[in-house]
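Chemist: This is the structure I have questions about; it appears just below.
Every number here is computed from the coordinates shown, using simple stated rules; none is lab data. Bear in mind the structure is a predicted one, so any value in this text is a computation, not a measurement. Positions of Cβ are generated from backbone atoms using ideal geometry, with glycine treated the same way; all protein chains shown enter the neighbour counts.
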Amino acid sequence: MQLEKRGVVAPLVVTESFLPLVRAQAQAQRVSPRFVVVPHPVGGLNEAELASRVEAATGELLAVADEARGSS
């Protein structure tokens, strides 16, 4: 969140369960970070399941990167 506060695009990858907590922390720090939300849990997944989650989030992360470069 500190990078976003300094103007550096740094999306936070967060699971659904932790999103309310992360939003509260961001609000307390007066930051408006970009979120990429993935299904919970991440821990305990096998390699294929984790790869699927990463693949699903990749599109959102690339969109944020494109937006940051001004090429959306």
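Chemist: Which of the residues that make up region 26-41 are over 16 Å from L61 (Cα atoms) and surrounded by 14 or more Cβ atoms within 10 Å (Cβ to Cβ)?
Modeler: Scanning region 26-41 gives A26, V31.
Chemist: Could you check how many residues of region 20-72 are touching a residue at least 12 places away in the same chain (Cβ under 8 Å) and either farther than 19 Å from L3 by Cβ or among the acidic types (D, E) (or both)?
Modeler: 9
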